[in-house]
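Novice: This structure is in structure tokens; I'll ask about it shortly.
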Amino acid sequence: MNDEILFAREDEMEALNTVDDTVDSQKYLIFMAGHLKLGVIAEDVVEILNNQLITYLPMLPDFIRGIINMRGQMIPILDIRARLGMESKEDDSLVVVINLGDIQLGILVDAVDQMIDIPKENILPMPAHSQQLLVSGMCSLPDDSGTMMVLDCGQLMPHD
């Protein structure tokens, strides 16, 4: 094989593997709540836990399922389906733990879908009157697998 052709093909392969640094993007972890695909910024995700024992606490809002002990730290568990006004699911085995400023919060989800890098320009803002929706934006997913709603994690817990 001609060396010029070999080097040209190596250059083509290198170009395919190069990330476009000119595109300002953000990684999101996408999870399911019913039929909704919700995304949180990946760097806010601490970990994903399976089969956790949730300890019920009385006198809390219905969407707070209780707490878990994660390596000696008490983490409140929020049922995202209940918080969004959906019927809760019986199986509470999957928890996505996120950082909310100086506290951590576990979000009870149906399933984790994927981790994806999305250009920031693709995220469309929500209308101003949709604050109660707990989402700050939305975008179509690149593989035509639906629409991701960007979860506004700061709105998850009730404010005093």
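The values are calculated or read from the model by the stated rules, or taken from the named source; none is laboratory data. Quick caveat, the model's predicted, so the values are computed rather than measured. Neighbour counts run over all protein chains shown; Cβ positions are idealised from the backbone, glycine included. In case anyone asks, the SASA skips ligands and DNA or RNA and just uses the protein heavy atoms, side chains included. Shrake-Rupley method; radii C 1.70, N 1.55, O 1.52, S 1.80 Å.
Novice: What is the sum of charges around residue 145, taking Lys and Arg as +1, Asp and Glu as -1, for the other residues whose C-beta is under 13 Å from the C-beta of residue 145?
Specialist: The answer is -2.
Novice: How do 89, 27 rank by accessible surface area computed with a 1.4 Å probe, from largest to smallest? All intermediate terms of the calculation are to be shown ahead of the outcome.
Specialist: Working: 89 75, 27 105 Å².
Descending order: 27, 89.
Novice: Rounded to whole Å, give me the distance from the Cα center of region 90-160 to that of region 72-88.
Specialist: Taking the Cα centre of region 72-88 as reference, the centre of region 90-160 is 13 Å away.
Novice: Sticking with this structure for a sec: Residue 39: net charge of surrounding residues, Cβ under 12 Å, Lys/Arg +1, Asp/Glu -1, itself excluded? Numbers along the way, then the final one.
Specialist: Working: positive: 27, 37; negative: 44, 113, 117, 152.
For residues surrounding residue 39, the net value is -2.
Novice: Then there's this: Per residue, what accessible area does region 58-160 have, given a 1.4 Å probe and all protein chains present, in Å²? Write out the running numbers ahead of the final one.
Specialist: Values: 5810 Å² over 103 residues.
In whole numbers, region 58-160 has 56 Å² accessible per residue.
Novice: At 0.890 mPa s and 25 °C, plugging the Kirkwood radius over alpha-carbon pairs of region 14-119 into Stokes-Einstein gives what diffusion coefficient in µm²/s? Present the calculation step by step, with values, prior to reporting the outcome.
Specialist: On the way: Rh = 15.0 Å.
Roughly 163 µm²/s, to the nearest whole number.
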